[in-house]
Amino acid sequence: MASKSPGNELIAAIATPPGRGGIGIVRLSGPGLADVAHALMGGLPAPRLAALRRFLDAAGELIDAGIALYFPCPASYTGEDVLELQVHGSPVVLKSLLHRCVELGARIAHPGEFTLRAFLNGRMDLTQAEAVADLIDAGSERAARSALRALDGELGKRIRSLAEQVRTTRALIEACLDFPEEDIDRSLLDRIAALIDTLAGEVGQLLESGRRGQALRAGWVVVLAGAPNVGKSSLMNRMTGSERAIVSELPGTTRDTLREPIAIAGIPVLLVDTAGLHVSTDPIEQLGMARTREEIGRADLVITVIDASACDPTRRSAAIDPLIVPLLPRGVRRIVVWNKIDLTGERPGDVSGAAPATYAVSAKTGAGIDELSTAIAAMAGLDEGGEDVVLARARHLGALTLAAEALAHARARTGQLELLAEELRSTQSALAEMTGEVGADDLLGDIFSRFCIGK
């Protein structure tokens, strides 16, 4: 990983994904671009104007012809001199061009080093830098929109606004501490308490939004579980819109887990079909059920599927609960689905008053599937309403949790100004860590090492 002194080396990397394509890009950033450009293509092009150039190897032979774009510092992605070379997207051509850049003095960039330099050069804060990776990895349109808002600086602005409110409150407290012989006006203490209450509310809202955003960023693991032949595979096919799972009237068709990524209300979901749970001496079925239990243990949401046509409505939950409930992790969300209502004549949708949340559907006809999808989105806290979800990472949630705890402690110590000031200092430190205003080098190394090379 690069040191915290950006610009001391010229770095280069292939900035397009591996494989063949119409266009491939080699990106360079740092000092010494002019010398490299002179040897490679006769000199730097005019700033920000696309120029057709021939790129030559050490023997003067043509590597490829393509477009060169030069962005002088400081108005570039990294805040340094940047050169982008666009050639045909052949892996051989790209590797040859990169090799030539290294011959001329560049170093292969570390993962995320271009964005790290942008952060260290003040081109973006840490939340914006992380949003770059989140945008690249976005698994749905909604996740991409949230990442774009963070990249535009929205999250950083909210954090800095909160930090400024903390500074204002600390200033009031410091003024009181500077004049200990003066009697403290009760109205001033009330004002400080009101400011802390406002801060706590805003931090709490941001934390809740971040928790919901984790589902949007990382996706949800939704496991279909139940007895054999209740229609789990049919339900998976209906929700994925394809014949992904084998469906048969014979019980026990699914003997292994089957995963399929889908999007529900803009949320990336990994839908997992599992082997039916029942009593069996068949070693293959036992192995399949063992994997079912493992998947249930890792699930964010478990959908228990019941054959509505096979049992009395008052006994449906009891028919499977003894097999499912003991396997559920503490706090896992759960939905019960009464499938095959096309055979019972029941109305699709929410089964009012049922607990846990229960939905009547027909995987065969699609009845009730829309209502089920809406329920899944609502359980993730990401139904169609609202676009203010923060695409949070674990470190964001950790910092916000520390800030919320410090504010709670501060509110309880309004009359103890020294302790109150210390809690607010902890709050400000936690917020500053989110944007990268304070933080350790090892934190930066961990964050940027997860980026792709060339970004």
*asked:* For the structure I just gave you, tell me whether D64 is crowded, with 18+ Cβ neighbours inside 10 Å and more than 30 Å from A399 (Cβ to Cβ).
replied: yes
*Test: residue in the stretch 50-73 that is more than 23 Å from F451 (Cα to Cα), part of a helix (DSSP H, G or I) and without any contact (Cβ under 8 Å) to a residue 60 or more places away in the chain*: no
*Return the residue satisfying two criteria in turn: it lies in the stretch 81-106 and is within 15 Å of V36 (Cβ to Cβ) and of a type in the set (V, I, T), and of such residues it is surrounded by the fewest Cβ atoms within 10 Å (Cβ to Cβ).*
V102
*Taking only pairs six or more apart or across chains, which ones have beta-carbon atoms under 8 Å, a first residue in the stretch 90-110 that is under 13 Å from I25 (Cα atoms), and a second residue that is small (G, A, S) and exposed (fewer than 15 other Cβ atoms within 10 Å of the Cβ)?*
P91/G19
_Would you confirm, using the coordinates I've provided, whether L419 is farther than 30 Å from I264 by Cβ, at pLDDT below 75 and loosely packed, with under 15 Cβ neighbours inside 10 Å?_
no
*asked:* Of the residues T78, T16, only one is of a type in the set (S, T, Y) and surrounded by 21 or more Cβ atoms within 10 Å (Cβ to Cβ); which?
replied: T78
*Can you name every residue in the stretch 19-55 that is surrounded by fewer than 12 Cβ atoms within 10 Å (Cβ to Cβ) and closer than 19 Å to A118 by Cα?*
R48
_Selection count, the stretch 260-278, where residues are β-branched (V, I, T) and more than 10 Å from V222 (Cα to Cα)_ = 4
_Can you name every one of the strands (runs of 3 or more DSSP E) wholly within the stretch 170-284 that holds 3 or more residues which are at pLDDT 85 or above and crowded, with 19+ Cβ neighbours inside 10 Å?_
220-226, 267-273
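The values are calculated or read from the model by the stated rules, or taken from the named source; none is laboratory data. Given the structure is predicted, the values throughout are model-derived calculations rather than measurements. Ideal geometry is used to build each Cβ from the backbone, glycine not excepted, and the neighbour counts take in all protein chains shown.
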